[in-house]
Amino acid sequence: MRLREMDEQVTYSEQLAEDGGPIVLINQFTVAPEDADALLAAWAKDAEFMQRQPGFVSTQLHRGTAGSGTFVNVAEWESAGALGAAFRLPEFQATLGDYPESAIASPHVFRRVAVPGICGD
């Protein structure tokens, strides 16, 4: 699986080096439509692994409509440090080879933003 930064100014690795939380990981996957089932199988295996890691809160995978090959994973973690520790585990790194060759991942770490009258923090 290839990695593409969502933000060219701040890398995913830099984000994982920060601590503090809670955080939301948004990871966009793009895959050839014929590889969608393989992506789903690889993601499910990764999600099961991450669910057992300290600091994991929840995850939800979304797929684009009309036969799209774009998927978005939204995962909540107690902190970027907890996500980083899980991401760097050799057991997790080994699973990245299970994704189809056409897969491109664009992970990025976010914090909620309070906008008065619209959304809370």
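The values are calculated or read from the model by the stated rules, or taken from the named source; none is laboratory data. Since this is a predicted model, take the numbers as computed values, not measurements. As a convention, Cβ positions derive from the backbone with ideal geometry for all residues, glycine included, and neighbour counts pool all protein chains shown.
Given the conditions (1) loosely packed, with under 14 Cβ neighbours inside 10 Å; (2) at pLDDT 95 or above; (3) among the small types (Gly, Ala, Ser), and given that residue 67 satisfies all but one, which numbered condition is not satisfied?
With (1) loosely packed, with under 14 Cβ neighbours inside 10 Å; (2) at pLDDT 95 or above; (3) among the small types (Gly, Ala, Ser) applied to residue 67, the lone miss is (2).
One line per residue, one yes/no per condition, for (1) on the phi < 0 side of the Ramachandran plot; (2) in contact with a Leu (Cβ under 8 Å, 6 or more places away or on another chain); (3) part of a strand (DSSP E or B):
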{"residue": "25", "(1), (2), (3)": "yes, yes, yes"}
{"residue": "28", "(1), (2), (3)": "yes, no, yes"}
{"residue": "37", "(1), (2), (3)": "yes, no, no"}
{"residue": "44", "(1), (2), (3)": "yes, no, no"}
{"residue": "60", "(1), (2), (3)": "yes, no, yes"}
{"residue": "86", "(1), (2), (3)": "yes, no, no"}
{"residue": "92", "(1), (2), (3)": "yes, no, no"}
{"residue": "96", "(1), (2), (3)": "yes, no, no"}
{"residue": "100", "(1), (2), (3)": "yes, yes, no"}
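Would you mention how many residues in segment 102-118 are at pLDDT below 95 and either of a type in the set (D, E, K, R) or farther than 17 Å from residue 15 by Cβ (or both)? Spell out how you get there, then give the answer.
Going residue by residue through segment 102-118, those that are at pLDDT below 95 are 111-118.
This time we only want the ones that are either of a type in the set (D, E, K, R) or farther than 17 Å from residue 15 by Cβ (or both), so: 111-112, 114-118.
Total satisfying the criteria: 7.
Search segment 82-117 for residues being of a type in the set (Gly, Ala, Ser) and within 19 Å of residue 6 (Cα to Cα), and hand back the single one that is surrounded by the most Cβ atoms within 10 Å (Cβ to Cβ).
This residue is 103.
Does segment 8-15 include one or more residues that are of a type outside the set (Gly, Ala, Ser), assigned to a strand (DSSP E or B) and surrounded by 13 or more Cβ atoms within 10 Å (Cβ to Cβ)?
No, segment 8-15 has no match at all.
Residues of segment 30-66 being farther than 18 Å from residue 98 by Cβ and more than 15 Å from the chain's Cα centre (by Cα), which ones?
Those that are farther than 18 Å from residue 98 by Cβ and more than 15 Å from the chain's Cα centre (by Cα): 33, 54, 64, 65, 66.
Would you point out the residue of segment 36-64, among those that are among the small types (Gly, Ala, Ser) and surrounded by 14 or more Cβ atoms within 10 Å (Cβ to Cβ), that is farthest from residue 106 (Cα to Cα)? Let's see the steps before the verdict.
The first filter runs over segment 36-64 and keeps only residues among the small types (Gly, Ala, Ser), leaving 36, 38, 41-42, 44, 47, 55, 58, 64.
Now drop any that are not surrounded by 14 or more Cβ atoms within 10 Å (Cβ to Cβ), which leaves 36, 38, 42, 47, 55.
Values: 36: 16, 38: 18, 42: 16, 47: 16, 55: 21 Å.
Looking at residues that are among the small types (Gly, Ala, Ser) and surrounded by 14 or more Cβ atoms within 10 Å (Cβ to Cβ), I get 55.
Taking residue 83 as the residue in question, decide whether it is under 21 Å from residue 13 (Cβ atoms) and modelled with pLDDT of 95 or more.
Judged against the criteria, residue 83 is a match.
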